Amino acid sequence: MRWLHVILPLMLLALVACDDNSCYDNGSALPLVRFYKSGTTQQVTLDGVTIRGVDAPGDSVLVDSSAVSEVYLPLRVSANSTQWVLEYGGETELADTITLQYRSVPYFSSAECGAMYNFELSSVTSTRYVIDSIAIAKPVIDNGTDVAIRLFFPVTNEY
């Protein structure tokens, strides 16, 4: 029974040492895209938005006709660019395409968090049917939760 007094504290120490609280909240390196009113820092919510990947395998719909003010956009590790389409109000004629150009960088975070890819954004462009402008807020995408890309929209009731 004396061995229990030795083993039990060691087991508890091992559980505490493997705690994942040292990892960031976001488990993957995904750029957070947030929507703003043009020319301001006021966050806006767009109604009836569908967001889908271009040439993505399988079902690439991230948001389906929902109200959205921000979204995490997955990037392809095996490519140097990824495109996403934002459709407004279910109208495919009224849609913008966002193109992200980047470099994938392998990164070993820690034994608790493991290995992952970070992304270094070189450019972000978009069509301008509804989107007014776009800006890179954080060029290195890691597994943090900071806003990486800002999309600016004129606030009207047209979409």
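Some observations on this one:
- Filter result (in contact with a Ser or Thr (Cβ under 6 Å, 6 or more places away or on another chain) and either within 17 Å of Tyr72 (Cβ to Cβ) or of a type in the set (S, T, N, Q) (or both)) within segment 120-140: Thr125, Thr127, Ile134
- Residue satisfying all of: in segment 29-64; hydroxyl-bearing (Ser, Thr, Tyr) and surrounded by 13 or more Cβ atoms within 10 Å (Cβ to Cβ); nearest to Lys138 (Cα to Cα) among these: Tyr36
- Only listed residue being surrounded by fewer than 17 Cβ atoms within 10 Å (Cβ to Cβ), touching a strand residue (DSSP E or B) at 6+ places or on another chain (Cβ under 8 Å), of a type in the set (A, V, I, L, M, F, W, C) and touching a residue at least 12 places away in the same chain (Cβ under 8 Å), chosen from Leu100, Leu86, Leu94: Leu94
- The residue of segment 23-56 that is nearest to the chain's Cα centre (by Cα), among those that are modelled with pLDDT of 90 or more and aromatic (Phe, Trp, Tyr), is Phe35.
- Selection from segment 61-116 of residues that are under 23 Å from Asp132 (Cα atoms) and of a type in the set (Phe, Trp, Tyr): Tyr72, Trp84, Tyr88, Tyr102
- Of the residues making up segment 132-152, those that are at pLDDT below 95 and hydrophobic (A, V, I, L, M, F, W, C) number 1.
- When segment 112-148 is filtered for residues that are closer than 21 Å to Leu94 by Cβ and of a type in the set (Ser, Thr, Tyr), the ones remaining, listed by number, are Thr125, Ser126, Thr127, Tyr129, Ser133.
- When segment 107-119 is filtered for residues that are touching a residue at least 12 places away in the same chain (Cβ under 8 Å), of a type outside the set (Gly, Ala, Ser) and loosely packed, with under 13 Cβ neighbours inside 10 Å, only Glu112 remains.
- Segment 107-125: number of residues that are more than 21 Å from Thr145 (Cβ to Cβ) and either part of a strand (DSSP E or B) or at pLDDT 85 or above (or both): 3
- When Ser109, Ser122 are checked against the criterion of being farther than 29 Å from Gly48 by Cα and touching a Lys or Arg at 6+ places or on another chain (Cβ under 8 Å), a single residue qualifies: Ser122.
- Residue in segment 117-124 that is closer than 19 Å to Val63 by Cα and in contact with a strand residue (DSSP E or B) (Cβ under 6 Å, 6 or more places away or on another chain) present: no
The values are calculated or read from the model by the stated rules, or taken from the named source; none is laboratory data. All values derive from a computational prediction rather than experimental measurement. Glycine gets a Cβ as well: all are built from the backbone with ideal geometry, and neighbour counts include every protein chain shown.
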